[in-house]
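A short write-up of the structure that comes next.
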Amino acid sequence: MKNWRDIVDKIFIALTAITFIIPGFSSIDELFPEFLYLSSLQVIISIYNITTKEIDYIDVFKNWSIKFFLIFIIFSIASILNATNLQLSLIELTAFFTFFLTIINSFILFQKTKNSTRFYVILILSLLTVETSKVLLEVYKAYDFENPQIRSRYYAGFSSNVNVTAFSILFKLPILLYAINKSKLLKRKKILFFSILCFMAISSIFVCYSRGAILGILLILFLYGVFTMFFRITFKKPLLILIIVFTAYLTNSLLFINGNSDVVERATTLDLETENSSINYRLGYYYDAINGLLEKPFLGWGIGNWKIQSLTFSKDRSKEYEVAYHTHNDFLQVAVETGFFGGMTYFLIYMTLFYLLFKKVYENKNFNSIYFYLLLSLIVFLIDSSINFPRARPTSIVNASLLIAFSLSKLKTK
């Protein structure tokens, strides 16, 4: 019976993980089918977890990240008092509750799963293989030798946005590094597969031409290098990874030599002079959100309502009618919608986990331990949350939920 339950647990985790492949079915909101699938699945998993009676929910809520998420949900509900559009608040609150439920359900499933680390690594690498294959297949279909296009919307893979795809791949890259470091160089077939997958992942991020994701690669490599030197580990594996990255860069440069694109230039060049540059847009969004938070610091403007309230703050700067659905910084947007304390509790969900993982890495000082690579994935998500809006994307929500749930199950925080 227990073996069958273990299989069912793993199937439910896998079904959660593949949310990103759910098609849009030509709906007006392409994300709605994914949210519907994810929320419906979590209701089913909740019923399953309750009926099996193997987990004490009181113990689940002893984890501080989960506690802070629950407190954040309470602040979000309270912020509805300031909302001018109740429907928007309910939609956003439902999305956050789905996020919360996904973490809890996945945490319970991972705690019951046998060989959870091996299963998590295989799952992430399988997802990475599917995502990168989809992106590179689209590049192959759309590639034009005379006029190669970089950052085409066709390169978004299963997502509708290249930034989402790039960060989703980058999010999984640390687990691939973990797999490479755990593998012995003598096992050539395994090393070859991981090397090819690493090349595909880096190449996919390069063709998406996402500045944030490219900078994320550089940051991961830097931290990886520092970690290697700090613990005085052999340089064979890091050297292999550097060769793969450099090969991917050369391949990208040669394929898009006529496309006026260079990933290094993209990552290091910040366009602050052009008025309509993405960076200036983001800075404007940040400025408006901070002003909005200062005006209503306690309960904010109401969960989900900043997309309409921001017009009041940006009207003097906007040259045409436009609505900024997102602030391009989840922490700022959550704060301006739920107030300072709501924003702080949302931030602490991740900072608590960051502290626990960092503490574990420092205590273990083990290069082959998965905690360092989980920490790298968390850093990628924090970067994404600081310049984009992953909390509004089911793909990103699932990535974060599985990371938080698996990390907490490994840490066994009480």
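log10 I(q)/I(0), Debye, Cα-only the chain, no solvent, q = 0.07, 0.12 Å⁻¹?
-0.34, -1.04
Can you give the extra length, in nm with one decimal, that the chain gains between F298 and L311 once fully stretched, where that is 0.36 nm per residue apart less the Cα-Cα distance?
Length difference between fully extended and current span is 2.6 nm.
Please identify the helices of the chain, taking whole runs of DSSP H, that span at least 24 Å along their own axis as judged from the Cα atoms and have a mean Kyte-Doolittle score of -0.5 or higher.
Helices meeting the span and hydropathy rule in the chain are 32-52, 86-112, 116-142, 162-182, 188-208, 211-230, 236-255, 278-295, 340-364, 371-387, 394-411.
State to the nearest 20 debye the size of the charge dipole of the stretch 81-216 about its Cα centre, where the only charges are +1 on K and R beta carbons and -1 on D and E beta carbons.
900
Would you kindly state the longest site-free stretch of the chain, with sites defined as GluC sites (Glu not before Pro) in a DSSP loop (not H, G, I, E, B) surrounded by at most 16 other Cβ atoms within 10 Å?
It runs 147-272.
What number, rounded to the nearest 500 deg cm²/dmol, is the helix-based mean residue ellipticity at 222 nm of the chain, given -39500 (n - 2.57) per DSSP H run of at least four residues and division by all its residues?
-24000 deg cm²/dmol
Viscosity 0.890 mPa s, temperature 25 °C: Stokes-Einstein D of the stretch 45-100 from its Kirkwood Cα radius, in µm² per second?
The diffusion coefficient I find is 189 µm²/s.
Could you pull out the trypsin sites (Lys or Arg not before Pro) across the stretch 1-56 that fall in loop regions by DSSP (anything but H, G, I, E, B) with no more than 13 other Cβ atoms inside 10 Å?
K53
So if I place +1 on the C-beta of Lys and Arg and -1 on the C-beta of Asp and Glu, and nothing else carries charge, what would the dipole magnitude of the chain be about its Cα centre? I want it in debye, nearest 20.
For the chain, the charge dipole is close to 2300 debye.
Assuming a viscosity of 1.567 mPa s and a temperature of 4 °C, what translational diffusion coefficient in µm² per second does Stokes-Einstein assign to the stretch 130-257, Rh being the Kirkwood radius over Cα pairs?
Using the Kirkwood radius from Cα pairs, D works out to 85 µm²/s.
At 1.306 mPa s and 10 °C, plugging the Kirkwood radius over alpha-carbon pairs of the stretch 195-244 into Stokes-Einstein gives what diffusion coefficient in µm²/s?
So the translational diffusion coefficient is about 136 µm²/s.
Anything over 21 Å Cα to Cα? Flag those among K182/K360; K134/K187; K237/K410; K141/K190; K112/K187, in the order listed.
In this structure, K134/K187; K237/K410; K141/K190; K112/K187 lie more than 21 Å apart at Cα.
Give the Cα extents of the stretch 21-137 along the principal axes, in whole Å, largest first.
Extents along the principal axes, in whole Å: 45, 41, 24.
Using 0.36 nm per residue of separation minus the Cα-Cα distance, give me the extension gain between I11 and L90 in nm, one decimal.
25.4 nm
Given the Cα-Cα distance of D59 and M351 and 0.36 nm per residue of separation, how much length would full extension add, in nm?
103.1 nm
Please sort by residue number the chymotrypsin sites (Phe, Trp or Tyr not before Pro) in the stretch 172-254 whose DSSP state is loop and whose Cβ has at most 16 other Cβ atoms within 10 Å.
Those that pass, being in a loop and sparsely packed, are F231, F235.
Please work out the FRET efficiency for the pair N115 and T52, using the Cβ-Cβ distance as r and a Förster radius of 22 Å; give the result to the nearest 0.05.
The calculated FRET efficiency here is 0.70.
Based only on other Cβ atoms within 10 Å, what is the fewest-to-most ordering of W64, W4, W306?
W4, W64, W306
Rg/Rh for the stretch 71-184 to two decimals, with Rh computed the Kirkwood way over all alpha-carbon pairs.
1.12
The numbers here are math on the coordinates, done by the rules we state, and not lab data. Predicted model only: the values in this text are computed from it and were never measured. In this analysis, Cβ positions are derived from the backbone assuming ideal geometry, glycine residues included, and neighbour counts consider all displayed protein chains.
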